Amino acid sequence: MNRPDRTQLRRALLLVATAAAITLSSGCADGPSTPAPSDRQADVAERGASVMPFDLERTTHRFTKTDTGGVQTVIADDPQDTTQVTLIQQHLTAEADRFRRGDFTDPARIHGNEMPGLETLRAHDGRITIDYENTRDGARVTYTTTGTDLRNALHAWFDAQSSDHGPHATR
């Protein structure tokens, strides 16, 4: 092997070793591994498909906290998609009725019984006013309370949903 070949070989080996070191160091982590948020979001989306009749890929959840509670809005990404709009409206109408009675079974089925705020919301006993409204592209549920504990529970519940729904939700 002549000198130019050795130099090129050394450079190639150095490049391969550097690439391997970068790849190995970027994939290593200290401590126990935890599921990536995208794994939980995928699980939530899968469970949500059995509870929510509309297509999560064609709709967006919005959770807006207010001083007196919050506003949950679900819209079709394409306002002309009347199938999704109708499914959203039917679902949120039924959910608002159940929530008024303290029945939060559906969110528990999607997000788990340990979902932040859920236990307090289940025991609201009429101390949250829950109003439903159709919008041209979906529906809106407004939660209003004077109780600090309930407002905080709603905010925790909204945060958990925003996080769990990931790309299907906004704040």
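A short reminder: the numbers here are calculations on the coordinates, not readings from a lab. All values derive from a computational prediction rather than experimental measurement. Methodologically, a virtual Cβ is constructed for each residue, glycine included, from the backbone with ideal geometry; neighbour enumeration extends over all protein chains shown.
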Quiz item: Got a sec? Which residues in segment 52-67 would a label at ASP103 touch, if it sits 7 Å along Cα→Cβ and we count backbone N under 18 Å?
Solution: 52-53
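Where a ≥ b ≥ c are the square roots of the eigenvalues of the C-alpha gyration tensor, would you call segment 64-108 rounded, which needs a/c under 1.5, or, failing that, prolate if a/b is larger than b/c, or oblate? Can you show the working numbers first?
Values: a/c = 2.86, a/b = 1.42, b/c = 2.01.
Verdict is oblate for segment 64-108.
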